[in-house]
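So the structure is just underneath, and the comments pick up after that.
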Amino acid sequence: MLNIILFGPPGSGKGTQAENLVEKYNLKHISTGDLLREEKAKETPLGLEAKKFMDQGLLVPDEVVIGMISSKLDEQADKVKGFIFDGFPRTVDQAEALDKLLDFKEITIAQVLALNVSEEELVKRILNRGKTSGRADDMDEATIRQRVTEYENKTAPVADYYGKQNKLIRIPGEGSIELTFNLLVDKISTIK
Ligand code: ADP
């Protein structure tokens, strides 16, 4: 299996690149943001709980997200060539939980590809996306900055977690979509 984590701050292009990579490599895209928005739209108990945090630009509690991922992996692991995780893990506790879930299934993460984008570029991109995404959390600058702060405090340490496993690769993410895609493919092509 080819299992990859796309890592980076909100607005760094993980979702866009994940969609292109899925097409090229025939992988299953697992985006916790998309899954949480589906639950929110269906007004499930999980979705209603998640909404309280998402609308404020805060991370949803680990136990909610980990439970959701665990059931997705159970449904899919036998059927796909690999996974692209997008927006997960977002805390060190989530990373540890993922390692345990994967160990149990005898699956490993090959690479963690981290997109580097400056805060000002992130805010600009997300406000722009907010014009069409319909996402309340994309329309308000204070909420966007809160998401970046959450990223710096809680998510950035996840990079070190994978750095220690020699799986972390940093990639500049401010170029065009094509340029960034090519950089990602170059790295993925080194996986044996
Ligand atoms: P972005 O990367 O642009 O912030 P996402 O769709 O990945 O967009 O996430 C939107 C929101 O969903 C986050 O601000 C957070 O509230 C919640 N969320 C998504 N993934 C996670 C996760 N792994 N852990 C906790 N909260 C999450």
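The table that follows gives values for the structure above.
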{"quantity": "Some residue of the stretch 22-33 being touching a residue at least 60 places away in the same chain (Cβ under 8 Å), more than 7 Å from the ligand (Cβ to nearest atom), part of a helix (DSSP H, G or I) and not β-branched (Val, Ile, Thr)", "calculated": "yes"}
{"quantity": "The listed residue being more than 30 Å from residue 80 (Cα to Cα) and free of Cβ contacts under 8 Å to residues at least 60 places away in the same chain, out of 174, 106", "calculated": "174"}
{"quantity": "Residue list for the stretch 42-79, restricted to those being on the phi > 0 side of the Ramachandran plot and open to solvent by 30 Å² or more (accessible area, probe 1.4 Å)", "calculated": "43"}
{"quantity": "Residue ID - nearest to the ligand (Cβ to nearest atom), chosen from residues in the stretch 131-156 that are open to solvent by 50 Å² or more (accessible area, probe 1.4 Å) and aliphatic (A, V, I, L, M)", "calculated": "136"}
{"quantity": "Hits in the stretch 105-126 - residues which are more than 19 Å from residue 152 (Cβ to Cβ) and assigned to a helix (DSSP H, G or I)", "calculated": "none"}
{"quantity": "The stretch 48-65 residues that are in contact (Cβ under 8 Å) with a residue 60 or more places away in the chain, paired with ones that are among the small types (Gly, Ala, Ser) (beta carbon under 7 Å, 6 or more apart)", "calculated": "55/136"}
{"quantity": "Residues of the stretch 55-101 satisfying the condition of being among the hydrophobic types (A, V, I, L, M, F, W, C) and in contact with a strand residue (DSSP E or B) (Cβ under 6 Å, 6 or more places away or on another chain)", "calculated": "80, 83, 84, 85"}
{"quantity": "Listing of helices (runs of 4 or more DSSP H) fully contained in the stretch 36-104 that carry 1 or more residues being within 23 Å of residue 25 (Cα to Cα)", "calculated": "62-76, 92-104"}
{"quantity": "The lone exception for residue 14 - which of (1) within 9 Å of the ligand (Cβ to nearest atom); (2) basic (Lys, Arg); (3) open to solvent by 60 Å² or more (accessible area, probe 1.4 Å) it fails", "calculated": "(3)"}
{"quantity": "Subset of the stretch 157-171 (residues that are part of a helix (DSSP H, G or I) and open to solvent by less than 80 Å² (accessible area, probe 1.4 Å))", "calculated": "157, 158, 159, 161, 162, 163"}
{"quantity": "Matching residues, the stretch 172-190, being open to solvent by less than 50 Å² (accessible area, probe 1.4 Å) and more than 16 Å from the ligand (Cβ to nearest atom)", "calculated": "175, 181, 184, 185, 188"}
{"quantity": "Qualifying residue in the stretch 75-86 (condition: under 15 Å from the mean Cα position of the chain (by Cα) and within 12 Å of the ligand (Cβ to nearest atom))", "calculated": "yes"}
{"quantity": "Residues of the stretch 157-171 classified as small (Gly, Ala, Ser) and touching a residue at least 24 places away in the same chain (Cβ under 8 Å), total", "calculated": "1"}
{"quantity": "Of the criteria (1) modelled with pLDDT of 95 or more; (2) loosely packed, with under 15 Cβ neighbours inside 10 Å; (3) of a type outside the set (Ser, Thr, Tyr); (4) over 17 Å from the mean Cα position of the chain (by Cα), which one residue 116 fails", "calculated": "(4)"}
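The values are calculated or read from the model by the stated rules, or taken from the named source; none is laboratory data. For clarity, every value in this text was computed on a predicted model and none was experimentally measured. Counting neighbours? That spans all protein chains shown, and the Cβs are built from the backbone with ideal geometry, glycine included. The accessibility values were calculated without ligands, DNA or RNA, using every heavy atom of the protein model including side chains. Shrake-Rupley method; radii C 1.70, N 1.55, O 1.52, S 1.80 Å.
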